[in-house]
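Report on the following structure.
Nothing in this text is a laboratory measurement; each read-out follows from the coordinates by a stated rule. None of the values given here were measured: they were computed from a predicted structure. With ideal geometry, Cβ positions are generated from the backbone for all residues, glycine too; neighbour counts draw on all protein chains shown.
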Amino acid sequence: MNEQVPSLTPQGELFCSPDVEEARSFFRQKPRTMTNKLMSVSEAVSRFVHDGDYLASGGFGGVRIASSVLHEIVRQRKKNLGLSGHTATHDFQILAAGRCFNRCDVAYIVGLEMRGLSPNARRYMESGAVKMTEWSNAALAWRCKAASMGLPFLPARVILGTDIMKHSAAKTIECPFTGQKLLALPALYPDVGIIHVHRADIFGNCQLDGITIADYEVGRSSKRVIITTEHLVDTDEIRKDPLKTLLPFWLVDAVCHVRYGSYPGNMPYEYFSDEEHLAEWVQAEQDPNTFQKFLDKYIYGVSNFKEYLELKGGESRMAELRKLEPLRRNEERPMPASGGSL
Amino acid sequence: MKSNNNRYNLMELMVCVAARQLEDSRTAVIGTGMPLAAAMLAQKTAAPNLVILFEAGSVAPKLRRLPISVADSNTQTDALLLSGMDIVFEACQRGTVDYTFLGGAQIDMYGNINSSMIGTDYDHPKVRLPGSGGANDLACLCWMTLVITPHDKRRFVKKLDFLTTPGYLTGPGARERAGLPAGCGPYKVISTLALMGYDPESKRMRVESLHPGVTKEEVIENTGFEMLFLDALPETPEPTDHELKLLREEVDPLGLVIGKAGQ
């Protein structure tokens, strides 16, 4: 018994500073003017994603992801990004395809949930090209929550006693009231957060339907936020149902109108995932040469996301995926507000 | 996967046995694949009021189709609450979630799980696996952890290559000493060979019943650590025709989990 109590000295690197004063200074100078932020995905990525930035992708890997931004990051050959990998599946697969990142906070990577593992992402991670620090899904959500709260850390009761602890950058602390040993999770302030939503106005006020995943936290902790939206609406539409609002305008830097912007991922209430195409990704990844041709066809060889959608069958394929979507909006009786508590 | 007879395959056996471990009117955060098939089957049999939560934010949906992701639309149909990861994990941390149900690449005698890597050098893994996802969080915070996994020596190991998700760590009291919530931890393991629980004194894995046709020797042969056995060892009851019908026709009609052989 107790022959191998894991070390409590974490060896993982902290990729982002949890310095709240620095973050407050940044947020202090961020403009509050309600200006038109509508732009193309290409412009949003050139202006707000820089080589070396630390990126957080909203949604859940293959559900409500900002695919168009991820493709554009690959197409613009952004390099040396940092990445927050909370259940990163298809989003991770896309960025790994472009070899866009060299450091990663790991909670769930390489895997594709029930769709298996990504062969290319595995090769990339096993090559030693990416520095990794280990966390868990709750830890990454709470790290962004600490940042959203403007606090340098949040205590939590996970990870303790495991090898995740050893390879994380977390620390242990003693509760000043109870003496309880706790994990201290450092605040995570990503340079850029990218989030796909159901509706937004041109100023950045945005709303989503269905589960919020970690997007309240990602949206509020990120220094710059790129929103892609299925539907562009008037601000009055946002005001009709404010309980659904994810972020108000002054947190948002860019709004891009991208219909089917989560494709081939699922967009709740809009369209289901394209399982055939997701399988095509995994199949193409088996062989590096085949995969290069696949990427040339679908990402490097097209000038924008719309052309990719056209290659995949355009409106007629999207209509099929809309039919497969199990969630329907009840216009008479609005959906309950996103968020809420247990 | 080989079948014991022609009536059901081993995936079907595991899912049916797993479903029977979940009591009615409990709360459970469930992962995709076999754990979810088991929870859905439990709702259709002995546990109609089992509350299923998904770590991505859906709470108490009426599941119609087997979700592919713990966030996809099929997790959200007719839910009582659509929230976020923080809300669900915080419910676990507060002590309101009874079960979690996980898979894993390797498991040791204290129920610790590895889902991070195969190999001994962290910086150069032989195989990089996904990592914790929400598994570490759920096994730290939910009252009872169930695991479902095929049974062989590569999976039931003496020493994990990486301890991703805590079981009883190094034995009695180790979780509490590490700072994890008191009084929770591994509860059951459902494998292709047996149903296992944990010895209350030593916190070591212990076989509670052998699946039909499986011998004690077979379990020993396929386990990399010293397995404990109950003195009087019953046979796991076979899946009933009713369970198999529900599983094949309502829970997993596409054979995503139980395979095409099940139909």
Chain lengthening between A:Asp296 and A:Cys175 when straightened (0.36 nm per residue, less Cα-Cα): 38.2 nm
Assign one of three labels to the stretch A:216-342, namely rounded, prolate or oblate, based on the Cα gyration tensor with a ≥ b ≥ c the square roots of its eigenvalues; rounded applies when a/c is under 1.5, prolate when it is not and a/b is larger than b/c, and oblate otherwise. prolate
At A:Leu14 and A:Arg47, where each label point lies 7 Å from the Cα along Cα→Cβ, what is the point-to-point distance in nanometres? 3.3 nm
I need the calculated FRET efficiency for the pair A:Arg329 and A:Glu275, taking r as the beta carbon distance and R₀ as 35 Å, to the nearest 0.05. 0.90
Rounded to whole Å and sorted largest first, list the principal axis extents of the Cα atoms in the stretch A:250-325. 43, 32, 20
Let me know the Kirkwood hydrodynamic radius for the stretch A:178-258, please, with Cα pairs as the basis and the value in Å to one decimal. 13.4 Å
Taking the Cα centroid of the stretch B:152-170 and of the stretch A:88-132, what is the distance between the two, rounded to the nearest whole Å? 24 Å
Modelling each spin label as a point 7 Å along the Cα-to-Cβ direction, I'd like the A:Lys131/A:Val282 distance in nm, to one decimal. 3.3 nm
Starting from the Cα of B:Glu208, step 7 Å along the direction of its Cβ; do the same at B:Asp241; then give the gap between the two resulting points in nm. 2.9 nm
Which residues does the label zone of A:Asp241 cover in the stretch A:174-218, counting backbone N under 20 Å from a point 7 Å along Cα→Cβ? A:195-216
Among the aspartates and glutamates, select those whose C-alpha is under 20 Å from the C-alpha of A:Lys166, and discard any that sit fewer than 8 residues away in the same chain. A:Glu3, A:Glu13, A:Asp105, A:Glu126, A:Glu134, A:Glu174, B:Asp108, B:Asp121, B:Asp123, B:Asp137, B:Asp161, B:Glu176
Using 0.36 nm per residue of separation minus the Cα-Cα distance, give me the extension gain between B:Arg154 and B:Glu176 in nm, one decimal. 5.0 nm
Percent of beta bridges antiparallel (DSSP, the stretch B:95-202, rounded to nearest 5): 40 percent
Rounded if a/c under 1.5, otherwise prolate or oblate - chain A, Cα gyration tensor axes: oblate
Mind jotting down a quarter of the surface of the convex hull over the alpha carbons of chain B, in square nanometres, one decimal? 13.7 nm²
Read phi for every residue in the stretch A:39-49 and hand back ³J(HN,Hα) as whole Hz from Karplus 6.51 cos²θ - 1.76 cosθ + 1.60, θ = phi - 60°, with x for Gly and Pro. 7, 6, 4, 4, 5, 4, 5, 4, 7, 10, 10
Going down the table (A:Lys78/A:Lys293; B:Lys126/B:Lys158; A:Lys223/A:Lys244; B:Lys188/B:Lys245; A:Lys171/B:Lys153), which pairs top 28 Å between alpha carbons? A:Lys171/B:Lys153
What does the highest-first list of A:263-272, A:145-154 look like by mean Cβ count within 10 Å? A:263-272, A:145-154
Just check the stretch A:153-293 against the gyration tensor rule for me: Cα atoms, a ≥ b ≥ c as the square roots of the eigenvalues, rounded for a/c under 1.5, and otherwise prolate or oblate depending on whether a/b exceeds b/c. oblate
Does anything in the stretch B:112-143 have its amide N under 15 Å from the 7 Å Cα→Cβ label point of B:Leu228, and if so which residues? B:112
Partner shielding of B:85-96, taken as the mean number of other chain Cβ atoms within 10 Å, equals 6
Most mobile of A:Met39, A:Met318, A:Met165 in a GNM of chain A (Cα contacts under 10 Å): A:Met39
